[in-house]
């Protein structure tokens, strides 16, 4: 049991964990790039379908469906970009940033609202639900931003305090006064 609590075991376990995470990153990043390329190809294909319906004078129903499909895939692409930004931050900082998760959530909710609007399937309960969710995400985002600004301000004051302490020490040295602890 002492072995599990030893510093040597902790270092080996942490080293193994870091190597495992790095291996997952090496495997996952090409998959992410392939997914983004595929999403762009799908958008271009949908754009071709949409323009084909316009140039060939297709049925109005097919034209609307092609347009809805194009919009859905473009919005899906935006959601993918936000999720991949979160993933890349996890890789870079080894933690999940709440702010970026909220941004991805807001983009996803807006996507759902736009899709529901294009499909004409809005009911008042859906509208209330999306509205409450969007307001909650927005308030949380604002509060996180406000707290981040406060952290930055406090760090600025810490630097000022350090400068003040240095100046006080210099004055004490000049006066040859020992610091009272």
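Would you confirm, using the coordinates I've provided, whether residue 93 is at pLDDT below 80 and over 26 Å from the mean Cα position of the chain (by Cα)?
No; evaluated as a whole, the condition is false for this residue.
Cβ-Cβ below 6 Å, separation at least six or inter-chain, first residue in the stretch 115-134 and farther than 25 Å from residue 77 by Cβ and not assigned by TED's automatic domain parsing to the domain that holds residue 73, second at pLDDT 85 or above and surrounded by 12 or more Cβ atoms within 10 Å (Cβ to Cβ): which pairs?
Pairs found: none.
Would you mind telling me which numbered condition in (1) surrounded by 15 or more Cβ atoms within 10 Å (Cβ to Cβ); (2) over 26 Å from the mean Cα position of the chain (by Cα); (3) free of Cβ contacts under 8 Å to residues at least 12 places away in the same chain residue 48 fails?
Residue 48 satisfies all of (1) surrounded by 15 or more Cβ atoms within 10 Å (Cβ to Cβ); (2) over 26 Å from the mean Cα position of the chain (by Cα); (3) free of Cβ contacts under 8 Å to residues at least 12 places away in the same chain except (1).
Taking the stretch 55-72 as the region of interest, how many residues are over 25 Å from residue 132 (Cα atoms) and at pLDDT 85 or above?
Here the count works out to 0.
Condition first: within 25 Å of the chain's Cα centre (by Cα) and either part of a helix (DSSP H, G or I) or modelled with pLDDT of 80 or more (or both). Can you find one or more residues in the stretch 156-167 that meet it?
Looking through the stretch 156-167, none of the residues is within 25 Å of the chain's Cα centre (by Cα) and either part of a helix (DSSP H, G or I) or modelled with pLDDT of 80 or more (or both).
Among the residues of the stretch 106-126, write down those that are over 23 Å from residue 83 (Cα atoms), at pLDDT 85 or above and surrounded by 11 or more Cβ atoms within 10 Å (Cβ to Cβ).
Within the stretch 106-126, 126 is the sole residue that qualifies.
Which pairs do you get when a residue that is under 16 Å from residue 33 (Cβ atoms) and not assigned by TED's automatic domain parsing to the domain that holds residue 14, found in the stretch 88-99, comes within reach of a residue that is at pLDDT 80 or above and surrounded by 12 or more Cβ atoms within 10 Å (Cβ to Cβ), reach meaning Cβ atoms under 9 angstrom, with the pair 6+ apart or on two chains?
That search, which allows pairs on different chains as well, returns nothing.
The values are calculated or read from the model by the stated rules, or taken from the named source; none is laboratory data. Every value quoted in this text rests on a predicted model; they were computed, and no experiment measured them. Ideal geometry is used to build each Cβ from the backbone, glycine not excepted, and the neighbour counts take in all protein chains shown.
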